[in-house]
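Asks: Pasting in a structure now, in structure tokens, and then I'll have a few things to ask.
The values are calculated or read from the model by the stated rules, or taken from the named source; none is laboratory data. Note that this is a predicted model, so its numbers are computed, not measured. Cβ placement follows ideal geometry from the backbone for every residue including glycine, while neighbour counts extend to all protein chains displayed. Each accessible area value is taken on the protein alone, full model and side chains, heavy atoms only, with ligands, DNA and RNA left out. Shrake-Rupley method; radii C 1.70, N 1.55, O 1.52, S 1.80 Å.
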2 protein chains.
Amino acid sequence: MGNDMGAKRRVTIRDVAERAGVSMATASRALSGNHPVPTATRARVLRAARDLDYVANAHARALVGGGRKMAAVVVRQVTSPFYAQVAEGVEAEAADRGWLCVVGATGGDPQREMEFVQLMREEGARLVILVGGVVEDDAYRSRVAHYAQALDSSGGRLVLCGRPAPDPDIPALVVEFDNEAGARAITAHLLSAGHRRIVFLGGLPGNTALDARVAGYRAALAEHGLPRSAGRVVDCGLGRAAGLRAMTELLKETREFTAVFAGDDMVAAGALRAIADAGLSVPDDISVVGYNDIPLAEDFNPPLTTVRTPAEELGRAAVRIALRDPEQSGGNHHLLGTHIVVRRSVASPGAP
Amino acid sequence: MGNDMGAKRRVTIRDVAERAGVSMATASRALSGNHPVPTATRARVLRAARDLDYVANAHARALVGGGRKMAAVVVRQVTSPFYAQVAEGVEAEAADRGWLCVVGATGGDPQREMEFVQLMREEGARLVILVGGVVEDDAYRSRVAHYAQALDSSGGRLVLCGRPAPDPDIPALVVEFDNEAGARAITAHLLSAGHRRIVFLGGLPGNTALDARVAGYRAALAEHGLPRSAGRVVDCGLGRAAGLRAMTELLKETREFTAVFAGDDMVAAGALRAIADAGLSVPDDISVVGYNDIPLAEDFNPPLTTVRTPAEELGRAAVRIALRDPEQSGGNHHLLGTHIVVRRSVASPGAP
DNA sequence: CCACAGAGTGAAAACGCTTCCACTCCTCGT
DNA sequence: ACGAGGAGTGGAAGCGTTTTCACTCTGTGG
């Protein structure tokens, strides 16, 4: 803990001014370009700054300037391929506009989320981006309402990315994928390959993203004239480990299905492994589809048919929309489209 | 760009002090706990702060306090599984100590690297962590020397993570894996399975990490009594696409090898795909090993034998070492061990 | 030749906080 | 009973910038 690394005195703008033989005011103007300064003077100042290896103090600047260009993105964990892509998108778009971007991982712990958001408020973040589906309980709702209100009243902005707003009139922007449409499309794909008994693996009741996918799945089944009983959803949650476990269990219990729709690609990875471990083949015995099209999905065994959610674009869109004039057209709810990408994990049931 | 989101006046510590009926000094002491304050007073202040939803201004605090607990990680891209894990480790260890962690992506562009480091200096980062192997050219050497010197003279610290120091006496800490040992071990694994013609796919001359792996590979070959001509390294660089392309080319050119040692797991992913596309089987026709053991390596087809480099631990170690007393034992160069993890991508050549 | 615009500049205020210094009370020990 | 010491407190300095305001110079049109 305690460890100050004996700092030397920092070079300030006063030193630069002195060396250039001008006042601090002039030095500041030359450096920041906020006010015209004769070329000769300007050059002298710049020269002095370089000689001294002057580095402006962002704190002092932010203090007087009243705020700073900084965005915070909060995700469950940065090692999840999907979240990483969203974060990359945010980072890229922020960097393009000269904004600083800091990402925080909560591990799914509301406590850590609150601490991080608090910290970001202290740091003067003007944009806080909450990423990914969540289960919307009362605690969550009130937390988000508080974030939104607090940010809003200090000139900031909350954006919900990949999740809907829990309450239509909290002052937050939302940017998300049309999960229901995506799920419906890929379910239809399975249906048109001839599958009738499809299980949805990876439900997580209350989770906005998964519930929407389940809804899309059910809708596709219904549109195809199948009774509601034809659908089955296994609520095993997310992650490779969960998918592996749940699929193993399911296989022990029944073989009365020909395809599985995994809640996301990581669940699919686990399911694929479980099926292989059971001595079955994908897609010959069972077809599998996932969701998100993470970068390595095409390297699974077999390459996974899934729905592509342009994650990086989601991140970019979040900051782009948040940063444009609030009164500009476009409303505050944006839906991004998805499309399915066909690979080799789906075959017709009972085919060679 | 221009968009001020009309901020209202911020609640300051003066407001809190007023409401609690104390001076700013007392309020500050009660809030920060830097100086004892009677329980009753303290409670009044805390109460006032809560009522007002007071949020301290980190800039003002850092300005007077002279610095702040902030670490910066710079990686090529955050969506690379390996880098993501390192970043996660840094973030976790930093968070544990109450430090803020910001990660920047350079896309491999020195220009962006310099801008980011500059920005971090302005922000008062006391720890800058450069992650991953690089090719050490003169420009790089002078850049790093400058970073190290600048950080050092302002009480900060540069740590090189996953790469050696270009010059033994620049004031930087180094934490890296023993790439040579890891490469030697997995090459030995291939050798003991009976392989004699092993190609190293993914060299990148000048790149510290890859060069070390190539050295380990060559050393293992030599230790086994093989002539130097037995080894072959294809310098295709890194990334899945590079691996795919290079492997495809190689296969067209020759089949005079029974195993490939990919420079990292992403290259291996591409190689695996290329081999499958050529109608060959892994491991029956060709064995493949990778490097890093990224999270999804076990879901490749087939599950990849590779060497595990505990990436998250690398990140944690970087901050742990950087933050302990500089004069403490341990030196400033740390080597982390690796071990191979055997899965199913290796078989004996010519086996059933 | 004079008023006057405007360019160039510096002094100083302000941003919000922490901490040094000085002051006032108490509570002890003697 | 009296001085020393310490706890509790507030005033004010200072952190490094930017920006406002006021000032001094030019040069220009009348």
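Asks: Taking Cα centroids, how far is region A:262-315 from region A:198-240 in Å?
Replies: 16
Asks: For A:TRP99, what accessible surface area do you get with a 1.4 Å probe? Give it in Å², rounded to 10.
Replies: Solvent-accessible area, nearest 10 Å²: 30 Å².
Asks: Moving to a separate point now. When you look at the Cβ of every residue in A:95-102, what mean number of other chain Cβ atoms sits within 10 Å?
Replies: Per residue, the average neighbour count from other chains is 4.
Asks: Would you mind putting B:190-201, B:126-137 in packing order, based on average other-beta-carbon counts within 10 Å, highest first?
Replies: Sorting B:190-201, B:126-137 by mean packing, highest first, produces B:126-137, B:190-201.
Asks: At B:MET24 and A:ALA278, where each label point lies 7 Å from the Cα along Cα→Cβ, what is the point-to-point distance in nanometres?
Replies: Between B:MET24 and A:ALA278, the label points sit 6.9 nm apart.
Asks: Grab the beta carbon distance between B:ALA40 and B:ASP109, set R0 = 60 Å, and tell me the FRET efficiency rounded to 0.05.
Replies: 0.55
Asks: Explain nothing, just the number: dipole magnitude of region A:179-309 about its Cα centre with +1 on each Lys and Arg Cβ and -1 on each Asp and Glu Cβ, in debye rounded to the nearest 20.
Replies: Approximately 320 debye in magnitude.
Asks: Can you give the % of DSSP beta bridges in chain B that are antiparallel, to the nearest 5?
Replies: In chain B, approximately 10 percent of DSSP beta bridges are antiparallel ones.
Asks: To the nearest whole number, what is the average tally of beta carbon atoms from other chains within 10 Å of the beta carbons of peptide B:78-89?
Replies: 5
Asks: From the alpha carbon gyration tensor of region A:236-322, can you work out the equivalent ellipsoid semi-axes (sqrt of 5 times each eigenvalue) and give them in Å, largest to smallest?
Replies: Each semi-axis is the square root of five times an eigenvalue, giving 28, 13, 10 Å.
Asks: With Kirkwood's inverse mean 1/r over C-alpha pairs for Rh, give me the Rg to Rh ratio of region B:64-105, two decimals please.
Replies: Ratio value, two decimals: 1.06.
Asks: Quick one, what does Rg over Rh come out to for region A:13-56 if you take C-alpha atoms and the Kirkwood Rh?
Replies: Reported Rg/Rh (Cα atoms, Kirkwood Rh): 0.90.
Asks: What's the local net charge at B:ARG126, with K and R +1, D and E -1, over the other residues with C-beta under 9 Å away?
Replies: +3
Asks: List the aspartates and glutamates whose alpha-carbon lies under 17 Å from that of A:LYS252, not counting same-chain residues fewer than 8 positions away?
Replies: The qualifying aspartates and glutamates are A:ASP235, A:ASP277, A:ASP285.
Asks: At q = 0.09, 0.14 Å⁻¹, what is the base-10 log of I(q)/I(0) for region B:179-310 according to the Debye formula with one equal point scatterer per Cα and no solvent? Please give it to two decimals.
Replies: -0.20, -0.51
Asks: Based on the alpha-carbon set only, what is the convex hull volume of the protein assembly as shown divided per residue, in Å³?
Replies: Residue-normalised Cα hull volume stands at 189 Å³.
Asks: Show which aspartates and glutamates lie in cross-link reach of A:LYS69 when reach means a straight Cα distance below 17 angstrom and same-chain residues fewer than eight apart are skipped.
Replies: Correct list for A:LYS69: A:GLU91, A:GLU93, A:ASP96, A:GLU122, A:GLU123, A:ASP152, A:ASP325, B:ASP4, B:GLU115, B:GLU122, B:GLU123.
Asks: Roughly how much accessible area, to the nearest 100 Å², goes out of reach of solvent when A and B pair up, both sides summed, probe 1.4 Å?
Replies: 5300
Asks: Every other copy gets compared here: list the nm distances from the B:GLY225 label point (7 Å along Cα to Cβ) to its counterparts, shortest first, one decimal.
Replies: Inter-copy label distances (nm, one decimal, shortest first): 7.4.
Asks: Could you sort the residues of region A:27-64 by number and keep only those whose accessible area is reduced by 40 Å² or more in the all-protein-chain setting relative to the chain alone, 1.4 Å probe?
Replies: A:ASP53, A:VAL55, A:ALA58, A:HIS59, A:LEU63
Asks: So what is the orientation-averaged projected area of region A:176-218, using the convex hull of its C-alpha atoms, in nm²?
Replies: So the mean shadow area of the Cα hull is 2.9 nm².
Asks: Related question: Could you list log10 I(q)/I(0) for region B:36-112 at q = 0.12, 0.13 Å⁻¹, which the Debye formula gives when each Cα is one point scatterer?
Replies: Values returned for q = 0.12, 0.13 Å⁻¹ are -0.57, -0.64.
Asks: One decimal, nm, shortest first: give the distances between the label point of B:ASP167 and those of the same position in the other copies, each label point 7 Å from Cα along Cα→Cβ.
Replies: 6.0
Asks: Got a sec? Charge dipole of the protein assembly as shown, +1 on Cβ for Lys and Arg, -1 for Asp and Glu; which of A:LEU280, B:LEU251, B:ASN179 is way out at the positive end?
Replies: B:ASN179
Asks: Something else: Which residue, A:ALA92, A:ALA105, A:VAL75, has the largest displacement toward the positive end of the dipole of region A:22-110 when charges sit on each Cβ (Lys, Arg +1; Asp, Glu -1)?
Replies: Positive-most Cα among the choices belongs to A:ALA92.
Asks: Suppose R0 equals 45 Å; then what is the FRET efficiency for A:ASP169 and A:ARG228 from their Cβ-Cβ distance, rounded to the nearest 0.05?
Replies: Computed FRET efficiency for A:ASP169 and A:ARG228 comes out at 0.85.
Asks: Starting from the Cα-Cα distance between B:ALA60 and B:ARG196, subtract it from 0.36 nm times their residue separation and give me the gain in nm to one decimal.
Replies: Extending this stretch completely gives an extra 42.5 nm.
Asks: Let me ask something else. Stokes-Einstein D for chain A at 10 °C, 1.306 mPa s, Kirkwood Rh over Cα pairs, in µm²/s?
Replies: 69
Asks: Compute, for B:LYS252, the solvent-accessible surface of its heavy atoms (probe 1.4 Å) with the complete set of protein chains present, and express it in square angstrom to the nearest 10.
Replies: 150
Asks: What order do B:ARG218, B:ARG163 take when sorted by accessible area (1.4 Å probe), most exposed first?
Replies: Most to least solvent-accessible, the answer reads B:ARG218, B:ARG163.
Asks: Dipole size in debye (nearest 20) for chain A around its Cα centre, Lys and Arg Cβ +1, Asp and Glu Cβ -1?
Replies: 1180
Asks: Roughly speaking, to the nearest percent, how much of the protein assembly as shown's 1.4 Å accessible area is carbon and sulfur?
Replies: 50
Asks: Mind checking which chain A residue has its Cβ closest to the axis relating A to B, and how many whole Å off it is?
Replies: Per the A/B rotation axis, the closest residue of A reads A:ASN301, 2.
Asks: With the Cα gyration tensor of region A:113-232 in hand, convert its eigenvalues to equivalent ellipsoid semi-axes via √(5λ) and list them largest first in whole Å.
Replies: Its equivalent ellipsoid spans semi-axes of 37, 12, 11 Å.
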